[in-house]
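A.B. asks: Here it is: the structure, laid out below.
No value in this document is a laboratory result; all are computed from the given coordinates. Since the structure is predicted, the reported quantities are computational estimates derived from the model, not experimental observations. Methodologically, a virtual Cβ is constructed for each residue, glycine included, from the backbone with ideal geometry; neighbour enumeration extends over all protein chains shown.
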Amino acid sequence: MELRNWLVMAPMSGKTNLPFRLIAKEMGAGLVSTEMISAAGLSRGQAKTYSYVASHPDERPVAAQLFGSEADTMASSARIIAEKGIDVVDINMGCPAKKVVKTGSGAALMRDPQKTAKILTAVRRSIPVPLTVKIRAGWSPEEANALDIARVIEGCGADGICIHPRFATQGFCGKADWTLIRKMKEALKIPVIGNGDVSAPSLALQMRSETNCDGVMIGRAALYNPWIFKQTLELEQRGSFATPDLNDRQRLIRRHYALLIGYIGEKRATQVMRGLLLLYTKGLPNRGFLKGLVSELDGKERFFAAVRTYFGGMQEEDLS
């Protein structure tokens, strides 16, 4: 599969639902991903879990990230995902959340190469679409086995790998060690995607230059600045990028709200947009005033009134 560019939107639990994926794709992401999907939930036919697999032609290509610890369940769930029309199946071996690792899933798999090989072999045999895996630097500094695990992953037939070079025990603390991305690229034949500490367009270009990685995955920075994909491509092509003005921000907020209403209905969409409003206005003045407005939002009328009131009190110079 060939992507239109080298920028990948990270799967983020509770964040990368269908509306946000469509936003990210509109902003230039070459590949987007669902949030983590439970293999056990899919195998049991849970309606909520199945809803995570819903996709739209405009977001293609799209990956679905699967987590679990049983080879047969992972294989059957991966087959369901592929049959739903998803373009890539991604296996999560990097999540450090306690509720995930206590089941032997996520980053816990990095401590068990044999189980990892069993799962990946079963999944590879069960699907015709590309298979990728996301890992960490290891479980801890004492178990820094990313390169060894990466060779197992490649040997099991995976088509690509993403490395977030922090240890599971670090969570998102400390600094991501980009040198590990470069070492992995040198050691493997399959494509390597780098992830971690890419909070600005210049850092995406820097990661690619320093590590020679095939792609760069952007996560948390895209939550408050979805323009980062477009900005990175502009910076690469012409040496500079445009910053969204007040009208751009308002259009994005309205667009996201409309997509959410179509996805989960007006009531729930309004609740979700309370938090998104604060993300999309990060760095702007008078956010204390906006927080007061957000608490009163209960539907379209108040939502649009709050947006008009907040942005109406600002000038473009407030962005500088």
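A.B. asks: What share of all Cα pairs of the range 175-320, in percent, falls into each consecutive 10 Å distance bin?
C.D. replies: For the range 175-320, the binned pair fractions read 10, 33, 27, 20, 9, 1 percent.
A.B. asks: A further question follows. Below 13 angstrom from the Cβ of GLU236, what's the summed charge of the other residues (Lys, Arg +1; Asp, Glu -1)?
C.D. replies: Numbers: positive: ARG208, LYS230, ARG238; negative: GLU234.
Result for the neighbourhood of GLU236: +2.
A.B. asks: I'd like the orientation of helix 71-83 relative to the chain: the angle between its Cα long axis and the longest Cα principal axis, in ° from 0 to 90, rounded to 10.
C.D. replies: Taking Cα atoms only, the helix is inclined about 50 degrees.
A.B. asks: Quick one: Karplus J couplings for the range 163-168, per residue in order, coefficients 6.51, -1.76, 1.60, θ = phi - 60°, nearest Hz, x for Gly and Pro?
C.D. replies: Listing the rounded values in order: 10, 9, x, 10, 7, 4 Hz.
A.B. asks: For the pair ALA305 and ARG60, what calculated FRET efficiency results from E = 1/(1 + (r/R0)^6), where r is the Cβ-Cβ distance and R0 = 41 Å, to the nearest 0.05? Could you put the intermediate results ahead of the total?
C.D. replies: On the way: r = 36 Å, r/R0 = 0.88.
According to the calculation, E is roughly 0.70.
A.B. asks: Further, regarding this structure: Find, among the trypsin sites (Lys or Arg not before Pro) in the range 139-177, those assigned to loop by DSSP (not H, G, I, E, B) with at most 14 other beta-carbon atoms within 10 angstrom.
C.D. replies: Those satisfying the criteria are LYS175.
A.B. asks: Just tell me which aspartates and glutamates come within less than 13 Å, Cα to Cα, of LYS25; anything on the same chain fewer than 8 places away is out.
C.D. replies: Straight-line reach from LYS25, under 13 Å: ASP58, GLU59.
A.B. asks: Using alpha-carbon pairs under 8 Å, 6+ residues apart, how would you state the relative contact order of the chain in percent? It would help to have the intermediate numbers written out before the result.
C.D. replies: On the way: 584 pairs, mean separation 41.7, N = 320.
Once divided by the residue count of the chain, the mean separation gives 13 percent.
A.B. asks: Now, a different point. Which longest uninterrupted range of the chain lacks any GluC sites (Glu not before Pro) assigned by DSSP to a loop state (not H, G, I, E or B) and surrounded by at most 13 other Cβ atoms within 10 Å?
C.D. replies: Longest site-free region, per DSSP loop and neighbour criteria: 3-295.
A.B. asks: With θ set to phi - 60° and the Karplus curve 6.51 cos²θ - 1.76 cosθ + 1.60, what are the ³J(HN,Hα) couplings of the range 296-308 in order, to the nearest whole Hz, using x for Gly and Pro?
C.D. replies: Using θ = phi - 60°, the values come out as 9, 6, 9, x, 4, 4, 5, 4, 5, 5, 5, 4, 4 Hz.
A.B. asks: Indicate the gyration tensor shape class of the range 61-103 (rounded, prolate or oblate), computed on the Cα atoms with a ≥ b ≥ c the square roots of the eigenvalues: a/c under 1.5 is rounded; otherwise a/b larger than b/c is prolate and the rest oblate.
C.D. replies: It is oblate, given that a/c is not under 1.5 and a/b is not larger than b/c.
A.B. asks: Shifting gears a bit: What nm distance separates the two modelled labels at GLU186 and LEU246, each placed 7 Å from Cα along Cα→Cβ?
C.D. replies: Roughly 5.2 nm, to one decimal.
A.B. asks: Please state the Cα pair-distance histogram of the range 1-158 with 10 angstrom bins from zero: what percent is in each bin?
C.D. replies: In order of increasing distance, the bins hold 12, 42, 36, 10, 0 percent.
A.B. asks: Tabulate in residue order the Karplus-calculated ³J(HN,Hα) for the range 253-262, using 6.51 cos²θ - 1.76 cosθ + 1.60 with θ = phi - 60°, rounded to whole Hz; enter x for Gly and Pro.
C.D. replies: 4, 5, 5, 5, 4, 4, 5, 5, 4, x
A.B. asks: Compute the acute angle (0 to 90°) between the alpha-carbon long axis of helix 266-280 and the principal axis of greatest extent of the alpha-carbon atoms of the chain; round to the nearest 10°.
C.D. replies: The answer is roughly 90 degrees.
A.B. asks: What is the Cα radius of gyration of the chain over 2.2 N^0.38 Å, N being its residue count? Provide the component values of the computation, followed by the final result.
C.D. replies: Values: Rg = 20.0 Å, N = 320, 2.2 N^0.38 = 19.7 Å.
My calculation over the Cα atoms of the chain gives 1.02.
A.B. asks: Modelling each spin label as a point 7 Å along the Cα-to-Cβ direction, I'd like the GLN271/GLN237 distance in nm, to one decimal.
C.D. replies: Simple spin-label model gives 4.0 nm for this pair.
A.B. asks: For LYS115 and ARG254, what does the FRET efficiency come to when R0 = 45 Å and r is the distance between their Cβ atoms, rounded to the nearest 0.05?
C.D. replies: 0.45
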